[in-house]
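Undergrad: One structure is given below, represented as structure tokens, and several questions about it will come after.
The values are calculated or read from the model by the stated rules, or taken from the named source; none is laboratory data. Here the structure is a predicted model, which means the values were calculated and not measured. Here the Cβ positions follow ideal geometry from the backbone for every residue, glycine too, while neighbour counts run over all protein chains shown. Side chains are part of the model used for accessible areas, which takes the heavy atoms of the whole protein and leaves out ligands, DNA and RNA. Shrake-Rupley method; radii C 1.70, N 1.55, O 1.52, S 1.80 Å.
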Amino acid sequence: MAVVLLFCFGMADAQKNRKARKRPARTAKTQDKRVYLVHADVLHFDQYRNPDATILNGKVHFTHAGARLYCDSAYFYEASNSFEAFGHVKMYQGDTLSLVSDYAYYDGNEQIARARYNVILKNRKTTLYTDSLDFDRLYDNAYFFEGGKMVDGNTTLTSDWGEYNTKSKMSVFNYDVKMQSPKFYLTTDTLYYDNANSMAHIVGPSHITSGESTIYSEQGYYDTKNEQARLMERSVLNNQGKMMVGDSVWYDSKQGISKAFRDVVFVDSVNKNKLTGNYGEYYEHTGFALCTDSAVAIDFSQGDSLFMHADTFKVVTFNIETDSVYRKVYAFHHVRAFRKDVQAVCDSLVYNSLDSCMTMFKDPIVWNINQQLLGDEIQVFLKDSVINRAHVINNAFSIQQLKSDSTLYNQVSSKEMFAYFNEGKIREAQAKDNVLIGYYFEEGDSVAIIYNYQETTELRMFLENQKLKSVWTPKTTGTMYPLNQIPADKKHLKGFAWYDYVRPKDRFDIFEWRPKKKEEIKGIK
């Protein structure tokens, strides 16, 4: 026989409510905090086992403050306004929230449900699975503390301890946190998650794997719906041997785009080079990279690293999905480079990995120890990252400062020049078309004694161990002068200029752009 108990207000409460309806502006609304038993198949008492409880069995149904609670059996503690529920426990709040478990204790005064064993909390599209959960209805907070799993669309989160607010849809996960979706995997110790916006907030050491990219961060946000990350505090992004670090990093996994800001470091461990600056971009799908604002390119493929500064560096990749992939590196405006054995300046530079050619444009100058090389355009060809040959195009001018007297210079000018190297050491040099030569003969302790001025159509010099071995020229015209009889227009060839004041002194000097003197600037396009 079904027993239905209905608890009603007394007459005094009814009169008070009628007065409240007449004068709503003066009387505060009274909230009913009592738990109501709506239905049970069987009701009985056991004075020996549980004298404080009403024992209910079969289709038990409670209501309290807008919530509906169902179970197979229950102990109802009317005095404390609470109950224990057993078997197929279900609680519904509105049309969007449900809580099921094998057991629950509900405190009506505190409005807290303590659910245990096979607990499932559902709130719209979010589902939380755990074995121990406390749900605070006053503050809409659910707490789990013996391990839990939350499923939000395609995103799954697990942790040892967590908190979920069903109203704000904000979550907190602690200890051994794992977050997974079809396209990324995150591990951390502390994570805040906004279910409404599918936004994860990282607040501790965290690792994210997305496709072939991995991210390390200790502070940041990850948008699981749009697969975008905003990371701070020197976060690290790795992709197939390429690493990007910055004070803050923005990453779009769908588009394969990453951007880094302030103190940026981009390292390509495969090609043994890196870019640094205050702003950088990298596009995974196209292989495009950009670095600017105090940008420096460093090549460490050889024993000594080459440091190069420019206003902007760009890397463009061609045929990226094929076996014939190659890259072009662009450095433009105020290019300065330093390595112990070679230094260079120019306005812009292009390196093409297809033929391993580096081309310098607009007033390029290259120095090697006491030698200076000029031209309208200079091409340097590399083999296994070591210089193989060089080509100076138009207005080529080679100058060597004598060690015995820094005011004297050996000079060669021509329309173009070629240089050939063996294991990084020059073995042959050529000058072609309108060749002018100004050369000092030395004897004894390298003391200059004679100056030789010559004009010819071609010059070939052969070297061994970086010392001149032999010289070949076709028919030449010229004169040899004693040092005190050299004509003023012959001592320095036309276009001579020694740009030692422009030359980078060390790796830190590449940032200071020192232009040529106005009287020494040539009108080169």
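Undergrad: Taking region 94-130 as the search range and keeping residues that are of a type in the set (Asp, Glu) and within 21 Å of VAL151 (Cα to Cα), which one is surrounded by the fewest Cβ atoms within 10 Å (Cβ to Cβ)?
TA: Start the filter on region 94-130 by keeping residues that are of a type in the set (Asp, Glu), which leaves 95, 102, 107, 110.
If we keep only those that are within 21 Å of VAL151 (Cα to Cα) as well, we get 95, 102.
Values: ASP95: 7, ASP102: 17.
Among residues in region 94-130 that are of a type in the set (Asp, Glu) and within 21 Å of VAL151 (Cα to Cα), the one surrounded by the fewest Cβ atoms within 10 Å (Cβ to Cβ) is ASP95.
Undergrad: Continuing with this model, one more query. Within region 368-383, can one find any residue that is part of a loop (DSSP other than H, G, I, E, B), out of contact with any Gly (no Cβ under 6 Å at 6 or more places or on another chain), over 23 Å from THR479 (Cα atoms) and at pLDDT 90 or above? Before you say what the answer is, go through the steps one by one.
TA: Within region 368-383, the subset part of a loop (DSSP other than H, G, I, E, B) is 369-370, 375-376.
From the residues that got through so far, the ones that are out of contact with any Gly (no Cβ under 6 Å at 6 or more places or on another chain) too are 369-370, 375-376.
Applying the additional criterion that residues be over 23 Å from THR479 (Cα atoms) yields 369-370, 375-376.
Next, from what is left, pick out any that are at pLDDT 90 or above: 375-376.
Within region 368-383, one or more residues are part of a loop (DSSP other than H, G, I, E, B), out of contact with any Gly (no Cβ under 6 Å at 6 or more places or on another chain), over 23 Å from THR479 (Cα atoms) and at pLDDT 90 or above.
Undergrad: Name every residue in region 385-413 that is in contact (Cβ under 8 Å) with a residue 24 or more places away in the chain and of a type in the set (A, V, I, L, M, F, W, C), in order of residue number. Quick ask: steps written out before the conclusion?
TA: Restricting attention to region 385-413, the residues satisfying the condition of being in contact (Cβ under 8 Å) with a residue 24 or more places away in the chain are 385-392, 395-405, 408-413.
VAL386, ILE387, ALA390, VAL392, ALA396, PHE397, ILE399, LEU402, LEU408, VAL412, listed by residue number.
Undergrad: Continuing with this model, one more query. What's the total number of residues in region 80-113 that are in a strand (DSSP E or B) and more than 11 Å from ALA142 (Cβ to Cβ)?
TA: First, pick out the residues of region 80-113 that are in a strand (DSSP E or B): 82-93, 97-107, 112-113.
Keeping just the survivors that are more than 11 Å from ALA142 (Cβ to Cβ) gives 82-93, 98, 100-107.
Qualifying residue count, region 80-113: 21.
Undergrad: Looking only at strands (runs of 3 or more DSSP E) that lie completely in region 248-327, which have at least 1 residues being closer than 18 Å to SER213 by Cα and not small (Gly, Ala, Ser)? Give the steps one after another, and end with the answer.
TA: Numbers: elements: 257-268, 273-283, 288-299, 306-318.
Per the criteria, 257-268, 273-283, 288-299.
Undergrad: Just for region 334-351: of the residues that are of a type outside the set (A, V, I, L, M, F, W, C) and farther than 19 Å from LYS505 by Cα, which one is most open to solvent (accessible area, probe 1.4 Å)?
TA: Step one: filter region 334-351 for residues of a type outside the set (A, V, I, L, M, F, W, C), giving 334, 336, 339-341, 343, 347-348, 351.
Those left that are additionally farther than 19 Å from LYS505 by Cα: 348, 351.
Details: SER348: 26, TYR351: 59 Å².
Within region 334-351, the match that is most open to solvent (accessible area, probe 1.4 Å) is TYR351.
Yes/no matrix, rows are residues, columns are (1) within 15 Å of TRP250 (Cα to Cα); (2) open to solvent by less than 50 Å² (accessible area, probe 1.4 Å):
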site: LYS183; (1), (2): no, no
site: GLY211; (1), (2): no, no
site: TYR216; (1), (2): yes, no
site: ASP223; (1), (2): yes, yes
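Undergrad: Given the criterion touching a residue at least 24 places away in the same chain (Cβ under 8 Å) and over 28 Å from SER305 (Cβ atoms), identify the matching residue among LYS183, LYS178, LYS242.
TA: Working: LYS178 fails: touching a residue at least 24 places away in the same chain (Cβ under 8 Å); LYS242 fails: over 28 Å from SER305 (Cβ atoms).
So the residue among LYS183, LYS178, LYS242 that is touching a residue at least 24 places away in the same chain (Cβ under 8 Å) and over 28 Å from SER305 (Cβ atoms) is LYS183.
Undergrad: Which residue is surrounded by the most Cβ atoms within 10 Å (Cβ to Cβ), if the candidates are limited to region 198-207 and must be touching a strand residue (DSSP E or B) at 6+ places or on another chain (Cβ under 6 Å) and at pLDDT 90 or above?
TA: Filtering region 198-207 for residues touching a strand residue (DSSP E or B) at 6+ places or on another chain (Cβ under 6 Å) gives 199-204, 206-207.
In the following step, the residues that additionally are at pLDDT 90 or above were identified as 199-203, 206-207.
On the way: MET199: 18, ALA200: 26, HIS201: 17, ILE202: 29, VAL203: 15, SER206: 24, HIS207: 14.
Per the stated criteria, the residue is ILE202.
Undergrad: Among the residues of region 41-81, write down those that are free of Cβ contacts under 8 Å to residues at least 60 places away in the same chain, within 54 Å of the chain's Cα centre (by Cα) and closer than 23 Å to TYR117 by Cβ.
TA: We begin by selecting, within region 41-81, every residue free of Cβ contacts under 8 Å to residues at least 60 places away in the same chain; these are 41-64, 66, 68-81.
Now restrict to residues that are within 54 Å of the chain's Cα centre (by Cα): 63-64, 66, 68-71.
Within region 41-81, HIS64, ARG68, LEU69, TYR70, CYS71 qualify.
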